[in-house]
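Presented below is the structure to which this report refers.
The values are calculated or read from the model by the stated rules, or taken from the named source; none is laboratory data. These numbers come from a predicted model, not from an experiment. Cβ: placed from backbone, ideal geometry, glycine included. Neighbour counts: every protein chain shown. Please note that ligands, DNA and RNA were not included when accessible areas were found on the heavy atoms of the full protein model with its side chains. Shrake-Rupley method; radii C 1.70, N 1.55, O 1.52, S 1.80 Å.
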Amino acid sequence: MRADMYFSVDVEADGPIPGPYSMLSFGAAVAGTRGESFARTDPAAATFYRELRPISDEFVPAALAVSGLDREALSRVGTHPEVAMREFSRWVTETAGEHRPVFVAYPASFDWMFVYWYLIRFTGASVFGHSGCLDVKTAYAIRAGVPFGGATKRAMPRHLMSERRHTHHALDDAIEQADLFANLMSWQP
């Protein structure tokens, strides 16, 4: 069995679902590997970031405001999604090497939905397979022995949280989330 390499991924989008709405940026950072035990890495050492051209004219103003990205500018200078997703797949494959790439996010449902949809739509395949996704929120609930509804960042012990700020810039947030994941994986409750 191959050891895992965990890729912390964060997405900024202009709406709740892919297709009608667009993924405007995404960032990824390697959080660590796991064979017999977890080995954390410096999440800022291996990263990927792209800003994308919107794929539709639809957007939710409140969702767009979260990231502060400019849709009009991205429609001119953003990377075409097919190019970005091919570059991302290549980066994940090269970075993972002999490891199995695993997508991690908090919560994974939103970020995975966009990245998986974009990978399938624009490249025809997912470098993570159809189920290579780990939800950090669920992992915390299981490790802490709390109900899923109690697995909020506010309820987590401070020592699990990253010292980095959550900025709503996809790469910053992927790195911050990688810290949280690595802290959780190393935690002995």
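Some observations on this one:
- Calculated diffusion of region 116-177, Stokes-Einstein form, Kirkwood radius summed over Cα pairs, 4 °C and 1.567 mPa s, µm²/s: 93
- Using a Förster distance of 22 Å, the FRET efficiency for residue 143-residue 42 (Cβ separation, nearest 0.05): 0.45
- Computed as a quarter of the hull surface, the mean projected area of the alpha carbon convex hull for region 1-101 stands at 7.3 nm².
- Fluctuation leader among 31, 170, 151 - the chain, Gaussian network, Cα springs under 10 angstrom: 151
- Accessible surface of the chain, 1.4 Å probe: 53 percent of it comes from carbon and sulfur atoms.
- Förster radius 22 Å - calculated FRET efficiency between residue 186 and residue 154 (Cβ-Cβ, nearest 0.05): 0.55
- Max mean-square fluctuation residue, GNM over the chain, Cα-Cα springs under 10 Å, options 172, 70, 111: 70
- With one equal scatterer per alpha carbon and no solvent term, the Debye-computed log10 I(q)/I(0) for region 33-189 at 0.09, 0.11, 0.19 1/Å reads -0.33, -0.50, -1.39.
- Dipole in debye (nearest 20) - the chain, about Cα centre, beta carbon charges: Lys, Arg +1; Asp, Glu -1: 440
- Expressed per residue, the C-alpha convex hull volume of region 30-76 stands at 138 Å³.
- Backbone geometry of region 183-189 corresponds, through the Karplus equation with coefficients 6.51, -1.76 and 1.60 at θ = phi - 60°, to 3J(HN,Hα) couplings of 4, 5, 5, 8, 6, 10, x Hz, x marking Gly and Pro.
- Per residue accessible area in Å² of region 11-140, where ligands, DNA and RNA are left out and the probe is 1.4 Å: 46
- Sparse-neighbour loop sites [trypsin sites (Lys or Arg not before Pro); region 83-177; at most 11 other C-beta within 10 Å; DSSP]: 165
- The chain - percent relative contact order, Cα under 8 Å, separation 6 or more: 27
- Per-pair calculated FRET efficiency, R0 = 45 Å: residue 130 and residue 73 via Cβ, rounded to 0.05: 0.85
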